[in-house]
Ligand code: NI
């Protein structure tokens, strides 16, 4: 073997090694992102509970933005949606390609549904059901994470997309609550 060929082979094998390194690093980063997301989801109920404890009583049910939800409704909405999310994850565990039905509670429940909920019960339920959701996430097998479901409103729907979506959705509503508390 001449020196040139040896050189090329060495370069190629170095490139393969660094390629493998990159793959491993990406896997680790992905699993760190999963862990961070799971912990963020896990802590959402206590973040919400603490913020709700700061809400002045007169603001709780005030519709400060006409036609939009009040603080009480945003908080109860997070609790009301959690059973559906636990059910979706259960189906990802038990079915190969679960077909989901869009969740649009505003079309299916009376307008005062959230207003009629008891806030403290809702906050406790949110905490309990979210804990069960976290246990489900931690129980998902490698093969479950790779599953693809079908959701008519989304081009892709996987357990990862569901998990990330729930995280963003929590904070979207908590942001609305904070704005309603702080706005002059
Ligand atoms: Ni929502």
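The values are calculated or read from the model by the stated rules, or taken from the named source; none is laboratory data. All values reported here derive from a predicted model rather than from experimental measurement. Neighbour counts run over all protein chains shown; Cβ positions are idealised from the backbone, glycine included.
The table for this structure:
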read-out: Check on residue 153, farther than 15 Å from residue 89 by Cβ and touching a helix residue (DSSP H, G or I) at 6+ places or on another chain (Cβ under 6 Å); value: no
read-out: Number of positions in the range 73-113 that are within 19 Å of residue 128 (Cα to Cα), more than 13 Å from the ligand (Cβ to nearest atom) and surrounded by 19 or more Cβ atoms within 10 Å (Cβ to Cβ); value: 2
read-out: Of all residues making up the range 130-162, the number that are under 11 Å from the mean Cα position of the chain (by Cα) and more than 15 Å from residue 98 (Cβ to Cβ); value: 4
read-out: Residue 84, sole failed condition from (1) free of Cβ contacts under 8 Å to residues at least 40 places away in the same chain; (2) farther than 17 Å from residue 45 by Cα; (3) in a helix (DSSP H, G or I); value: (2)
read-out: Yes/no for residue 151 being free of Cβ contacts under 8 Å to residues at least 60 places away in the same chain, surrounded by 15 or more Cβ atoms within 10 Å (Cβ to Cβ) and within 16 Å of the ligand (Cβ to nearest atom); value: yes
read-out: Residue under evaluation residue 48, criteria (1) within 16 Å of the ligand (Cβ to nearest atom); (2) out of contact with any helix residue (DSSP H, G or I) (no Cβ under 7 Å at 6 or more places or on another chain); (3) more than 20 Å from residue 110 (Cβ to Cβ), criterion not met; value: (2)
read-out: Unmet requirement for residue 43, which otherwise passes all of (1) touching a strand residue (DSSP E or B) at 6+ places or on another chain (Cβ under 8 Å); (2) in a helix (DSSP H, G or I); value: (1)
read-out: Residue in the range 165-176 that is surrounded by 15 or more Cβ atoms within 10 Å (Cβ to Cβ), away from the ligand (no atom under 16 Å from the Cβ) and touching a residue at least 60 places away in the same chain (Cβ under 8 Å) present; value: no
read-out: Evaluation of residue 53 against (1) at pLDDT 95 or above; (2) closer than 28 Å to residue 156 by Cβ (one fails), failing number; value: (2)
